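None of the figures in this text is laboratory data; all of them are computed from the coordinates on show. The model shown is predicted, which means the values in this text are computed figures rather than measured ones. Counting neighbours? That spans all protein chains shown, and the Cβs are built from the backbone with ideal geometry, glycine included.
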Amino acid sequence: MVEIKNLQKRMEVMIPSFNVNPQLIGISNNEIISFYTKIKPLHPDAEEEQKNDYWAAYILKGNKSTFVEIEIEFEIKNTSLDKVKCLWLDIEWENYGPFGSFKKFDGFVLPNIVDISKSDSSNNILIDPIRTHILGSLDDPIEILKSYMPLNCISTDILAIGESPLAVMQGRYINYRNINSSLISRLICKGFHPTSSLATASGMQTLINISGPTRVIISWFIGGIFKFFGVRGMFYRLAGEQARLIDDITGTTPPYDKCIVLGPKDTQNFCIKAAKKLNINVAVVDVNDLGRVKILSTNNVNNTEMIKRALKSNPAGNANQQTPIVLIRSEKLN
């Protein structure tokens with residue numbers, strides 16, 4: 001079920017088209033026997049139920065929502081069953097009104113929860129990356145930790161979850177096709193290292209949309225002055241927390257490699273609630289292959305140095321390992 005909402009108070013928006021492109025991630029097209037997609041509009045003010053697959057142009061009034069039910073049926077070869085990672089629904093619809101006409105995009109994962117059963121962590125393992133299915137906005141972060149934490153976890157252990165997987169489960173990702181880059185973003189992004197998520201116009205525009213153009217421009221100007229005198233990283237300190245947390249496309253596991261992923265929200269509250277419910281320490285972290293470990297939040301600040309030492313080698317990896325959670329056996333590291 002997908003919701004389309006008109007955030008304008010007075011402006012009416014028309015939706016002349018709505019399309020879904022389902023994609024099975026993990027197998028090739030020649031392993032798919034058939035694919036069937038049905039789109040059923042569930043407009044709250046519809047006089048009668050639509051009987052066919054034709055999308056009739058719909059007027060969405062200000063501050064109102066409409067819903068669309070999507071049904072996917074597919075048949076694949078038996079030999080391909082275990083290779084399916086998830087079903088990605090790529091959604092495209094058109095907005096039409098006083099502003100003209102433009103397309104909007106969204107997408108989400110229907111996970112294939114393969115049999116990744118819980119296991120007892122060996123007493124000799126200090127750091128244990130935990131493999132999961134491909135996570136999505138339909139997953140509850142605390143329930144995911146509960147589902148995949150090993151059976152023999154004890155209260156002194158730590159479950160560290162990556163900031164990007166948590167953000168994805170919170171729905172904090174934007175299809176790059178929805179970003180309209182301004183002249184400011186196209187100019188400023190050129191001053192960043194090519195590997196930075198702010199080195200593209202869309203990545204920089206995402207930060208501008210969050211922090212505001214004035215703050216970003218001032219941060220860029222001051223950061224440039226400090227950089228001239230050999231002090232690096234000032235821009236990231238001034239431009240807001242999201243400046244360090246935004247992941248540009250290709251920075252996240254497919255099918256989110258075509259999305260800009262924001263930093264997660266309410267991480268401290270998440271850690272406290274998860275730790276209380278699961279009776280284990282919880283941390284939200286940002287780790288890369290350069291040995292940099294940033295702890296966004298944790299329910300127990302006394303574990304900070306321990307977490308940094310444990311994750312310095314980036315045991316979860318930054319590719320497609322599907323290990324967004326790492327178990328740290330704390331008493332072994334002391």
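Could you grab the relative contact order for the chain? Cα pairs under 8 Å, six or more apart, rounded to a whole percent. Each step should come with its number before you reach the end.
Numbers: 625 pairs, mean separation 58.1, N = 334.
The value is 17 percent.
Provide the FRET efficiency to the nearest 0.05 for the ILE225-ASN279 pair, computing r from the beta carbons and using R0 = 56 Å. Please list the in-between numbers first.
Values: r = 49 Å, r/R0 = 0.88.
E(calc), rounded to 0.05, equals 0.70.
When the Cα centres of region 169-216 and region 1-49 are compared, how far apart do they sit, in Å?
Centre-to-centre (Cα) distance: 27 Å.
For region 2-111, max minus min Cα coordinate along each principal axis, in Å, sorted largest first?
Projected onto its principal axes, the Cα set of region 2-111 covers 53, 28, 20 Å.
Which one is right for this structure if Rg and Dmax of the Cα atoms in Å is calculated from it: (1) 19.1, 59; (2) 19.5, 66; (3) 22.3, 69?
Computing Rg and Dmax of the Cα atoms in Å and matching it to (1) 19.1, 59; (2) 19.5, 66; (3) 22.3, 69 gives (3).
On the Cα set of region 220-299, report Rg and Dmax in Å, please.
Calculated on Cα positions, Rg and Dmax stand at 15.9, 49 Å.
Report the percentage of all Cα-Cα pairs in region 178-249 whose separation exceeds 16 Å, rounded to a whole percent. Display every interim value, and only then the final one.
Numbers: 1026 of 2556 pairs.
Pairs farther apart than 16 Å: 40 percent.
Each residue of region 253-260 in turn: what ³J(HN,Hα) in whole Hz from Karplus with 6.51, -1.76, 1.60 and θ = phi - 60°, glycine and Pro shown as x?
Using θ = phi - 60°, the values come out as 4, x, x, 8, 6, 10, 10, 8 Hz.
Which entries in the list LYS38/LYS77; LYS61/LYS258; LYS146/LYS276; LYS83/LYS104 go over 19 Å, if you measure between the two C-alpha atoms of each?
Values: LYS38/LYS77 22 Å; LYS61/LYS258 31 Å; LYS146/LYS276 12 Å; LYS83/LYS104 31 Å.
With Cα atoms farther than 19 Å apart: LYS38/LYS77; LYS61/LYS258; LYS83/LYS104.
Given R₀ = 35 Å, what would the calculated FRET efficiency be for SER34 paired with GLN242, taking r from the Cβ atoms and rounding to 0.05?
Numbers: r = 43 Å, r/R0 = 1.22.
That gives a FRET efficiency of 0.25.
Note down the nm distance, to one decimal, between modelled labels 7 Å out along Cα→Cβ at ALA57 and at LYS265.
So the two model labels end up 3.4 nm from each other.
For region 126-249, take N as its residue count and report Rg(C-alpha) divided by 2.2 N^0.38 Å. Intermediate results must be reported in sequence, preceding the final value.
Values: Rg = 18.3 Å, N = 124, 2.2 N^0.38 = 13.7 Å.
Dividing the Cα Rg of region 126-249 by 2.2 N^0.38 Å gives 1.33.
Convert each backbone phi in region 56-71 into a coupling constant with the Karplus relation 6.51 cos²θ - 1.76 cosθ + 1.60 (shift: θ = phi - 60°), then list the ³J(HN,Hα) values in order as whole Hz, x for Gly and Pro.
Calculated HN-Hα couplings, in order: 7, 3, 10, 9, 9, 6, x, 6, 10, 10, 10, 10, 10, 9, 10, 10 Hz.
Tell me, what HN-Hα J-couplings in whole Hz come from the Karplus equation 6.51 cos²θ - 1.76 cosθ + 1.60 at θ = phi - 60° for each residue of region 225-239, using x for Gly and Pro?
After applying 6.51 cos²θ - 1.76 cosθ + 1.60, I find 5, 5, 5, 4, 9, x, 9, 9, x, 5, 4, 5, 6, 8, 7 Hz.
So what is the orientation-averaged projected area of region 181-334, using the convex hull of its C-alpha atoms, in nm²?
Working: hull surface 41.6 nm².
The number I arrive at for region 181-334 is 10.4 nm².
Under a 5 Å amide H to amide H cut-off, with H placed in plane at 1.01 Å, what residues pair with SER17 once short-range neighbours are removed?
Those lying under 5 Å, H to H, from SER17 are GLU94.
What order do you get for 155-163, 10-18, 270-278 when each peptide is scored by the mean count of other beta carbon atoms within 10 Å, highest first?
Details: 155-163: 22.2, 10-18: 15.2, 270-278: 17.9.
With the highest mean Cβ count within 10 Å placed first, the list reads 155-163, 270-278, 10-18.
Over region 1-91, calculate the relative contact order: mean separation of alpha carbon pairs under 8 Å at least 6 apart, over the residue count, as a percent. If you can, show how the numbers build up before the last one.
Numbers: 158 pairs, mean separation 46.3, N = 91.
Worked out over region 1-91, it gives 51 percent.
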